[in-house]
Amino acid sequence: MKKFIIAALFLLPLLAKAQSGPFHYKVEDRYLYYGNVVEVDTTLSVADLYKDAKLFLTKLALINTKITKDDATNGVVIASVEEPATFKTQTGVGTEKMTLRYNIKLELKKGRYRYTFDNIILVYDDKVKGQEHTLYDVDKGKGGGLLGIGLRKRVLTAMDDLFLKKIDVLTNTMKKKSDDF
């Protein structure tokens, strides 16, 4: 009995990690998002971080980016983004197209900022036109079975990689003082 309890104690963390999945978005009930508070150099003021935030949006180089809130005084920048994306087909040869829509919210304070990528909507271009799927809808049916080759899992993996790259660009842009704007 003792061996069973010890084995269960060692396996429990592994099982808990397996349940949470390999994706980096955060889950709060039905609200799924990418977000975090990042500490930067304390000499960076709100004005410095504001310039960096605007530079980040420029670095994304996405045509369909609309800034919906631009408040330099209070340090808030919110943008609505629509971008084309792709993911691998079931055979692994070729790709299927989709459109990804989301909001970026940057809240700036002296020496730190909070980023949030939320309201993530996926629209599959080759399927029924205009049918929208929230990140929650795609996540709840990850599929893939034991092999993990399900359509939704491939979409989530491709989307996760895409957002992690954007977060890396954001981190690299926000950690240094910029005079570009």
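The values are calculated or read from the model by the stated rules, or taken from the named source; none is laboratory data. In this text, all values refer to a predicted model and were calculated from it rather than measured experimentally. All Cβ positions, glycine included, derive from the backbone under ideal geometry; neighbour counts span all protein chains shown.
Just to be sure I understand the filter: pairs with C-beta atoms under 6 Å, separated by 6 or more residues or on different chains, first member in the stretch 44-63 and under 11 Å from TYR113 (Cα atoms) and free of Cβ contacts under 8 Å to residues at least 12 places away in the same chain, second member among the acidic types (Asp, Glu) and surrounded by fewer than 22 Cβ atoms within 10 Å (Cβ to Cβ). Which pairs pass?
none
GLY35 fails exactly one of the following numbered conditions: (1) at pLDDT 85 or above; (2) part of a helix (DSSP H, G or I). What is the number of that condition?
(2)
Given LEU122, LEU162, which one is touching a His at 6+ places or on another chain (Cβ under 9 Å) and either of a type in the set (A, V, I, L, M, F, W, C) or modelled with pLDDT of 85 or more (or both)?
Criteria check complete, one pass: LEU122.
Inspect the stretch 85-92 for any residue being modelled with pLDDT of 70 or more, part of a helix (DSSP H, G or I) and over 30 Å from LEU49 (Cβ atoms) and give the result as yes or no.
No: the stretch 85-92 contains no residue that is modelled with pLDDT of 70 or more, part of a helix (DSSP H, G or I) and over 30 Å from LEU49 (Cβ atoms).
Does at least one position in the stretch 66-73 carry a residue that is in contact with a Ser or Thr (Cβ under 8 Å, 6 or more places away or on another chain), free of Cβ contacts under 8 Å to residues at least 40 places away in the same chain, among the polar types (S, T, N, Q) and over 19 Å from LYS165 (Cβ atoms)?
So far as the stretch 66-73 goes, yes, one or more of its residues are in contact with a Ser or Thr (Cβ under 8 Å, 6 or more places away or on another chain), free of Cβ contacts under 8 Å to residues at least 40 places away in the same chain, among the polar types (S, T, N, Q) and over 19 Å from LYS165 (Cβ atoms).
Go through (1) surrounded by 13 or more Cβ atoms within 10 Å (Cβ to Cβ); (2) at pLDDT below 80 one by one and return the number of the condition MET98 breaks.
Tallying (1) surrounded by 13 or more Cβ atoms within 10 Å (Cβ to Cβ); (2) at pLDDT below 80, MET98 fails exactly one: (2).
Tell me the residue from LYS69, LYS54, LYS105 that is at pLDDT 90 or above, of a type in the set (Lys, Arg) and not in a strand (DSSP E or B), please.
LYS54
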